[in-house]
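What follows is calculated from the coordinates using simple rules that are stated; it is not laboratory data. Values in this document were obtained by computation on a predicted structure and should not be read as measured data. So basically every Cβ, Gly included, is an ideal-geometry build from the backbone, and we count neighbours across all protein chains shown.
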Amino acid sequence: MQQSNGYIIVFSVILTVVLGLLLSGTSQVLGPMQREAEALDKKKQILGAVISAEEIDAMAPEEVNEYYNSRISSIVVDINGKEVTEQDGASVTAETVDIGKNYKRPAEERLYPVFIFHEEGNPEAVESYVFPLYGAGLWDAIWGYMALETDMNTVGGITLAHAGETPGLGARITEGEVQNRYVGKKIYNDSGELVAIEMQKGEGKDYSSDPHKVDGMSGATITANGVNAMVENYLGHYQAYIDSKKSNQAVAAAN
Amino acid sequence: MSAETVEKAIEKKPAEALFSKRRKKLVTDPLVDDNPITIQVLGICSALAVTTQMKPTLVMAISVIFVVVMSNLVISLMRNTIPSRVRIIVQLAVVATLVTLVSEVLRAFAYDMYKELSVFVGLIITNCIVMGRLEAFALGNKPYDSVLDGFGSALGYAWIILAVAFFRELWGSGSVFGIPVFDYVSGIFGSDFQLATNGLMVSPVGAFIILGLIIWIQRTKTGYVEH
């Protein structure tokens, strides 16, 4: 009886339904906690562009939230650098914009969140601007956050993350040692053109004299190329916003 | 029951002691004499991949113990109803469900670990130790024995990967469970006394070397020879 086709089909159906219910039930129960953990992780990544990883690691989850709320304000802009407050009738906030989903749309239609790192309790005293990045690595998506200082040119810090780069090779973009190579680099050249920052092929060379090049990762050139494309693309998308902030400063300086 | 799974002849005593000699052997055998990693050389992939640090290794070890024990229990409970023609796919479905559960729980309560281990938690599904125990034991034995057997095998896996991780983290990063041991040592003997870390230990090659040494030492002691 156990070997009859009917028995096998009934057995398989029951097994599938039971296991399916179990999994969807778990997903329902744990869903809110998972979303909370993801939101916290996102905040940590944003903060990672402006403060050191050790400082973040030392904070409890509530402290991260508190620090984030008191130090980061955010807006959403479009490709022209204009602030967007609602889309398709729903209001948008920077924290809820899914960069990965927006990435699938044409660049002109995407929403671009900007996270503004400011002095505690004083949103006017901006210390740096943090821009999300998103692109493709070797195997899967890569993303990150780049902080620009108020001159809108000098990189204050960067956090990079990935979905499935090779451990020990491309996955090294998450290491502080690699990310620190970006600190202090410039995105504009002397004549004011956006040239972004390029990670080079090969590793171990000194690029400290070149403001637009950083040392590469040995054995992970394709991931590095992905990072380069991502940085260049997104700085390009944010260029209108960056330029508007720059010209504001020029006006302020002239006054 | 299929012809491949041999039902072991178990003496039908009315009440076997909860931890009888035979049952103790189920747990202790896989620790050394029949260790899944060092003797059967199963589950090597994850043993090499996750063992750069103690903390993720411990999480991985606990996850594997959970999956092996629970899948052994479930399959053993169902062993008389599973049609033998689809038994592999049934085992796979049960194991995959348990692994997904572990992965979801990690995602909710230990997101950093989830990020670090994500791929390798999923790969527990393909860990030969899990399916190996289901095929070789749980399909033909009672639930309690199967649980003990699974626990023993998983523990055999766990202590080996923890041992590998201990040496790799200590030698490769100079720390144990993230505690910078090498820095403390330097602190005691003065700053001139620096213990050097070895980058080789951080790469998977380091795991091969450590694992090879463990297997060597063990086989020297037990006199085990592959036939």
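Per-residue ellipticity at 222 nm, computed for the protein assembly as shown from helices alone with -39500 (n - 2.57) per DSSP H run of at least four residues, works out to -16500 deg cm²/dmol.
Averaged over the residues of B:103-116, the number of partner chain Cβ atoms lying within 10 Å of the residue Cβ comes to 5. Our coupling estimate for segment A:159-167, obtained by passing each phi through the Karplus curve with A = 6.51, B = -1.76, C = 1.60 and θ = phi - 60°, is 10, 10, 9, 8, 8, x, 6, 5, x Hz, Gly and Pro reported as x. Taken one residue at a time, the phi angles of segment A:29-43 give Karplus couplings (6.51, -1.76, 1.60, θ = phi - 60°) of 5, 8, x, x, 5, 5, 5, 4, 4, 5, 4, 5, 5, 5, 4 Hz. Gly and Pro are set to x.
Average projection, convex hull of the Cα set of chain B: 15.5 square nanometres.
A P(r) calculated from all alpha carbon pairs of segment B:38-153, with 10 Å bins opening at zero, reads 15, 45, 31, 9, 0 percent. Of the residues B:101, B:195, B:148, which exhibits the maximal mean-square fluctuation in a Gaussian network model of chain B defined by a 10 Å Cα contact cut-off? For chain B, modelled as a Gaussian network with Cα springs under 10 Å, the answer is B:195. Within the listed set A:70, A:91, A:208, the residue fluctuating most in the Gaussian network model of chain A (springs between alpha-carbon atoms under 10 angstrom) is A:91. Calculated on C-alpha atoms, the gyration radius of segment A:53-169 divided by its Kirkwood radius gives an Rg/Rh of 0.98. For the listed residue pairs B:142/B:221; B:25/B:115; A:82/A:185, the alpha carbons are over 30 angstrom apart in B:142/B:221; B:25/B:115.
Amide H to amide H, with H built 1.01 Å from N, residue A:213 comes under 5 Å of A:198, counting only residues 5 or more places away or on other chains. Annotation: amide H-H contacts under 5 Å for residue A:136 (H modelled 1.01 Å from N, sequence separation of 5 or more, or interchain): A:142. Arranged from fewest to most other beta-carbon atoms within 10 Å of their beta carbon, B:39, A:51, A:142, B:179 become B:179, A:51, B:39, A:142. Centre-to-centre separation between the Cα atoms of segment B:134-167 and those of segment A:102-158: 47 Å.
Each residue of segment A:70-81 is assigned a 3J(HN,Hα), and the resulting list reads 8, 10, 10, 10, 9, 9, 10, 10, 9, 4, 8, x Hz, derived from the Karplus form 6.51 cos²θ - 1.76 cosθ + 1.60 (θ = phi - 60°), x at Gly and Pro. Since only A:180, B:69, B:102 are under comparison, the one whose Cα sits farthest along the positive direction of the charge dipole of the protein assembly as shown, derived from C-beta charges on Lys, Arg, Asp and Glu, is B:69. About its Cα centre, segment A:44-254 has a charge dipole of approximately 640 debye under the convention of +1 per Lys or Arg Cβ and -1 per Asp or Glu Cβ, with nothing else charged. Note on segment B:71-113 and segment A:47-99: Cα centroid distance 38 Å, given to the nearest whole angstrom. In terms of its Cα atoms, segment A:44-254 spans 45, 42, 36 Å along the principal axes, sorted from long to short. Taking GluC sites (Glu not before Pro) across segment A:170-255, the ones in a DSSP loop with at most 10 further Cβ atoms lying within 10 angstrom of their Cβ are A:193.
Once the C-beta distance of residue A:59 and residue A:140 is scaled by a Förster radius of 41 Å, the resulting FRET efficiency is 0.90 to the nearest 0.05.
Scattering from segment B:107-227 was approximated by placing one identical point on each alpha carbon and applying the Debye formula without solvent; log10 I(q)/I(0) at 0.10, 0.11, 0.23 1/Å stands at -0.49, -0.59, -1.30.
Ranking A:229, A:133, A:45 by Cα position along the charge dipole of segment A:44-254, where only Lys, Arg, Asp and Glu carry charges on their C-beta atoms, puts A:229 farthest toward the positive end.
Computed over all pairs of different Cα atoms, the Kirkwood value for the hydrodynamic radius of the protein assembly as shown is 25.9 Å. Of the residues A:130, A:231, A:64, the one that moves most in a GNM of chain A with alpha-carbon contacts below 10 Å is A:64.
Amide H to amide H distances under 5 Å link residue A:87 with A:92, where only residues 5 or more positions off or on other chains count and H is placed in the peptide plane.
With R₀ fixed at 60 Å, the C-beta to C-beta distance from residue B:216 to residue A:80 puts the FRET efficiency at about 0.35. Here the calculated FRET efficiency for residue A:16 and residue B:144, from their Cβ-Cβ distance with R0 = 30 Å, stands at 0.65, rounded to the nearest 0.05. With a simple spin-label model that places each label point 7 Å from the Cα along the Cα-to-Cβ direction, the separation between residue B:25 and residue A:116 comes to 7.5 nm.
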